Every structure is written in C-alpha cells, then in structure tokens.
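First up is the structure itself, then whatever we jot down about it.
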Amino acid sequence: MSPDIPRYIVWSTDRLDLNDPFQRRWLLRQILTHGKMADIRALDLDEVARELEALNLPPHIYSLWKRYLEVRGGKEQPSTTGEGE
C-alpha cells in the first residue's frame, strides 16, 4: 500500500493496485466515506465525477457528492419553487 494512504481509510490490506479499476474505485469510495478533509482535497474531482455512479456510496454521501459535482460543473438549475427567496 502506498504510504500516503492512511490506515483509517484502508485498514483491511497492505497493498493496493491503483492501476486496477476495481481497486481504484474501492479506494475512492473509502476516501469519500471515511476520509478527512485533507484526503478529499487530494482527490481528482473529475475522476470522482466520472466514477460516482459506480461507487455504490451510501445514499446521503452519494446525494451530497452528486449535488456538489453538479454545482461545480455548472449544471446548477435555477429554483422554480421559490425556495430560498
């Protein structure tokens, strides 16, 4: 395992092959679920956006990231319900 990956994110193995798409997605899921701010800050958000649907995140974490990535990507839709006005 890379020395840059803390044990609170990956505790079940000492080795990860980040060239393996399955293991790379698994690590992304671990970071999004258990990571600290510094861990998340180090992510490639374009990769997170590409892989989000395949990560099988808990619903509350998935919806947070889905919304964040939509706003970040300029897909923000104006409110039609008058909320926030």
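The values are calculated or read from the model by the stated rules, or taken from the named source; none is laboratory data. As the structure is a prediction and not an experimental result, all values here were calculated from the model. No Cβ is skipped: glycine too gets one built from the backbone with ideal geometry, and neighbour counts run over all protein chains shown.
Restrict the check to the stretch 35-46 and report whether at least one residue is closer than 14 Å to Trp65 by Cβ, surrounded by 11 or more Cβ atoms within 10 Å (Cβ to Cβ) and basic (Lys, Arg).
Among the residues of the stretch 35-46, not one is closer than 14 Å to Trp65 by Cβ, surrounded by 11 or more Cβ atoms within 10 Å (Cβ to Cβ) and basic (Lys, Arg), which makes the answer no.
Can we say Arg7 is surrounded by fewer than 14 Cβ atoms within 10 Å (Cβ to Cβ), at pLDDT 95 or above and among the charged types (D, E, K, R)?
No.
Here is a list: Ala54, Ala49. Which entry is crowded, with 16+ Cβ neighbours inside 10 Å, at pLDDT 90 or above and touching a helix residue (DSSP H, G or I) at 6+ places or on another chain (Cβ under 9 Å)?
Just one listed residue meets the conditions, Ala49.
Is it the case that Ala42 is under 24 Å from Trp11 (Cα atoms) and modelled with pLDDT under 95?
yes
Six or more apart or on different chains, Cβ under 8 Å: which pairs go from a residue in the stretch 19-38 that's free of Cβ contacts under 8 Å to residues at least 60 places away in the same chain and among the hydrophobic types (A, V, I, L, M, F, W, C) to one that's surrounded by 15 or more Cβ atoms within 10 Å (Cβ to Cβ) and part of a helix (DSSP H, G or I)? Could you list them?
Leu28/Val48; Leu28/Glu51; Ile31/Asp39; Leu32/Val48; Leu32/Trp65
Assuming Glu70 fulfils every condition listed in (1) assigned to a loop (DSSP other than H, G, I, E, B); (2) acidic (Asp, Glu); (3) at pLDDT 80 or above apart from one, which condition is it?
Going through (1) assigned to a loop (DSSP other than H, G, I, E, B); (2) acidic (Asp, Glu); (3) at pLDDT 80 or above one by one, Glu70 breaks only (1).
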